[in-house]
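A.B. asks: Dropping a structure here in structure tokens format, bear with me for questions.
The values are calculated or read from the model by the stated rules, or taken from the named source; none is laboratory data. Quick caveat: nothing in here was measured; it's all calculated off a predicted structure. Positions of Cβ are generated from backbone atoms using ideal geometry, with glycine treated the same way; all protein chains shown enter the neighbour counts. Quick note on the areas: whole protein, heavy atoms, side chains included, nothing else; ligands and nucleic acids left out. Shrake-Rupley method; radii C 1.70, N 1.55, O 1.52, S 1.80 Å.
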Amino acid sequence: MIKNKIKTLSQLISIANKLKKQGKRIVTTNGVFDILHLGHVKYLEESKKLGDVLIVGVNTDKSVKINKGDKRPINDEKSRIGVLAGLESVDYVFLFGEKDPVKWLSMVKPNFHVKAGDYRVHQLIERDVVEKNGGK
């Protein structure tokens, strides 16, 4: 079951397009998810409630090092996506290597993109690309 949830970006673009044609609402989020904790689990459960399908983009090990320094990540990318794929609230998970999610968001075009509560809407670099494609 876990392996069925782990996809490539190109697979997810196709899946998202098909689901949207069926009237499904796509929710996305992204992050490192290095040491998964209860706050992450609740955040992902709440994110899933906004739509029908939750897609989680996870930073590759290389992009984590660029964003957070050489001592990170603590857990490797395969472990991090495997743990996320094991959560009931997560429908699909994939790795992305860019510093930020703007590129893949422009291709997946979610109905909703969710960030943790410690971000302010005006701080989100994802906002423009999501809203440009009709999302919130």
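A.B. asks: Considering each of 26, 15 in turn, give the residue that is touching a helix residue (DSSP H, G or I) at 6+ places or on another chain (Cβ under 7 Å) and surrounded by 13 or more Cβ atoms within 10 Å (Cβ to Cβ).
C.D. replies: Only one candidate qualifies: 26.
A.B. asks: Okay, next question. Of these, 51, 39, which one is surrounded by 15 or more Cβ atoms within 10 Å (Cβ to Cβ) and either farther than 19 Å from residue 2 by Cα or small (Gly, Ala, Ser) (or both)? Steps first, answer last, please.
C.D. replies: Details: 39 fails: surrounded by 15 or more Cβ atoms within 10 Å (Cβ to Cβ).
From the options 51, 39, the qualifying one is 51.
A.B. asks: Which helices (runs of 4 or more DSSP H) does segment 2-86 wholly contain that include 1 or more residues that are touching a residue at least 12 places away in the same chain (Cβ under 8 Å), under 15 Å from residue 97 (Cα atoms) and small (Gly, Ala, Ser)?
C.D. replies: The helices (runs of 4 or more DSSP H) meeting that bar are 61-68.
A.B. asks: Kindly check whether there is at least one residue in segment 80-92 that is exposed (fewer than 14 other Cβ atoms within 10 Å of the Cβ), on the phi < 0 side of the Ramachandran plot and at pLDDT 95 or above.
C.D. replies: yes
A.B. asks: Let me ask another. For segment 112-136, give me each residue that is open to solvent by less than 80 Å² (accessible area, probe 1.4 Å), in a loop (DSSP other than H, G, I, E, B) and at pLDDT 75 or above. Please lay out each step first, then the result.
C.D. replies: Going residue by residue through segment 112-136, those that are open to solvent by less than 80 Å² (accessible area, probe 1.4 Å) are 112-117, 124, 126, 129-130, 133-135.
If we keep only those that are in a loop (DSSP other than H, G, I, E, B) as well, we get 115-117, 124, 126, 133-135.
The answer is 115, 116, 126, 133, 134, 135.
A.B. asks: Residue 90 passes all but one of (1) touching a residue at least 60 places away in the same chain (Cβ under 8 Å); (2) touching a helix residue (DSSP H, G or I) at 6+ places or on another chain (Cβ under 7 Å); (3) not in a loop (DSSP other than H, G, I, E, B); which number fails?
C.D. replies: Evaluating residue 90 over (1) touching a residue at least 60 places away in the same chain (Cβ under 8 Å); (2) touching a helix residue (DSSP H, G or I) at 6+ places or on another chain (Cβ under 7 Å); (3) not in a loop (DSSP other than H, G, I, E, B) leaves (3) as the failure.
A.B. asks: Hey, another quick one. Taking residue 23 as meeting all but one of (1) at positive phi; (2) within 12 Å of the chain's Cα centre (by Cα), write down the number of the exception.
C.D. replies: (2)
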